[in-house]
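Peer 1: Below is a structure I'd like to ask you about.
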Amino acid sequence: MRSIVASTKLKSLEHCAAEVADGDTVFVGGFGHAVPFALGHQLIRAGRRDLTICRSGADILADQLIAAGCVARVVFGWIGNPDIGLSHAFRRAVADESIDWEEWTNWSMVLRLQAAALGVPFLPGRVLLAGDTPVQLPDLKTVTCPYTGETLAAVPALQPDVAIVHAQRADEEGNVQMWGVVGDTAVGALAARRIVVSVEEIVDGEVIRASPNLTIIPAHRVAAVAVVPWGAHPSYVQGYYTRDDDHFRRYGDVSRTAEGTLAHLDRWVRGVDRERYLSMIDTGTLVDEATR
């Protein structure tokens, strides 16, 4: 009988980022929790251009990608600095018309991604039937429910070229597990044509199989996995480390100007490797022992 040897999906951070090409539509995972900062920062270092980034609620990683000149278009439900305030680089880019943008709602973005994950052209919903957002979406259509006669929005599918995701753990085959606040990470990843992942640690396949309910992305959908401890900093990862609120506050202050934003990118992204990055944060005060 022929033996079957499982192939490893383990790659470097640089290799994972190379799965994203100029001009791609990129779903950025994380919903306050487990935002893929390390992967996003590697896209900046690699000089990616003309990306369309999409997600329901985008935070400062999206703002940094915009400030770095990586982004041509943003498709979103919300964008800002969670618990702090505005997305200043995004606002400047909109004001000077250096990017295109398409604003939906958080739930309609989830429906768009879910439709792509299911392989259907749209999903019906009671969203986007009132208010000012539908006016900004002239191509949005409605459908009549064949069962009730109710008029519903026909929310179109959105299929990203690639999803970038951070999670707690995976095995070498690429089975990815996440727990805590998953948000739209799983549906956004499964909507994409290919998926690249960074994780806090690689575990044996037996660990994955012992808790199959935690697997949000199966191995056959994953292109590559990189082991990147603290890869979601300054966001948090349940069971590993807490949110670095001071970092978000500092970014909120410095990003009020283009010069301050670029200086932040020079210090925290362009001018550092992972070893240097980790030396710049106080990891001891952020370790989340309570939920390990």
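Peer 1: Restricting to segment 195-218, count the residues that are of a type in the set (Gly, Ala, Ser) and within 27 Å of Val26 (Cα to Cα).
Peer 2: Of the residues in segment 195-218, 1 are of a type in the set (Gly, Ala, Ser) and within 27 Å of Val26 (Cα to Cα).
Peer 1: In addition: Just to be sure before I move on: is Leu262 surrounded by 16 or more Cβ atoms within 10 Å (Cβ to Cβ) and aliphatic (A, V, I, L, M) in the structure I sent?
Peer 2: yes
Peer 1: Here's a follow-up. Condition check: buried (at least 19 other Cβ atoms within 10 Å of the Cβ), outside any strand (DSSP E or B) and at negative phi. Does Gly40 satisfy that?
Peer 2: yes
Peer 1: Right, another one. What are the residues in segment 52-68 that are in contact with a Phe, Trp or Tyr (Cβ under 6 Å, 6 or more places away or on another chain) and part of a helix (DSSP H, G or I), if any?
Peer 2: Of everything in segment 52-68, those that are in contact with a Phe, Trp or Tyr (Cβ under 6 Å, 6 or more places away or on another chain) and part of a helix (DSSP H, G or I) turn out to be Ile60, Leu61, Asp63, Ile66.
Peer 1: What is the one condition in (1) surrounded by 21 or more Cβ atoms within 10 Å (Cβ to Cβ); (2) free of Cβ contacts under 8 Å to residues at least 60 places away in the same chain; (3) in contact with a Lys or Arg (Cβ under 7 Å, 6 or more places away or on another chain) that Val20 does not satisfy?
Peer 2: Unmet for Val20, out of (1) surrounded by 21 or more Cβ atoms within 10 Å (Cβ to Cβ); (2) free of Cβ contacts under 8 Å to residues at least 60 places away in the same chain; (3) in contact with a Lys or Arg (Cβ under 7 Å, 6 or more places away or on another chain): (2).
Peer 1: When you scan segment 194-243, how many residues do you find that are touching a helix residue (DSSP H, G or I) at 6+ places or on another chain (Cβ under 7 Å), β-branched (Val, Ile, Thr) and assigned to a loop (DSSP other than H, G, I, E, B)?
Peer 2: Residues in segment 194-243 being touching a helix residue (DSSP H, G or I) at 6+ places or on another chain (Cβ under 7 Å), β-branched (Val, Ile, Thr) and assigned to a loop (DSSP other than H, G, I, E, B): 1 in total.
To keep it simple, each residue is scored yes or no on (1) out of contact with any helix residue (DSSP H, G or I) (no Cβ under 9 Å at 6 or more places or on another chain); (2) not polar (S, T, N, Q).
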residue: Ala117; (1), (2): no, yes
residue: Phe122; (1), (2): no, yes
residue: Leu129; (1), (2): yes, yes
residue: Tyr147; (1), (2): yes, yes
residue: Glu150; (1), (2): yes, yes
residue: His166; (1), (2): no, yes
residue: Asn175; (1), (2): no, no
residue: Gly180; (1), (2): no, yes
residue: Ala189; (1), (2): no, yes
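Peer 1: So which residues in segment 238-272 are under 21 Å from the mean Cα position of the chain (by Cα), closer than 25 Å to Ser12 by Cβ and acidic (Asp, Glu)?
Peer 2: Correct list: Asp244 only.
FYI, it's all coordinate maths here, none of it is from the lab. Quick caveat: nothing in here was measured; it's all calculated off a predicted structure. Glycine gets a Cβ as well: all are built from the backbone with ideal geometry, and neighbour counts include every protein chain shown.
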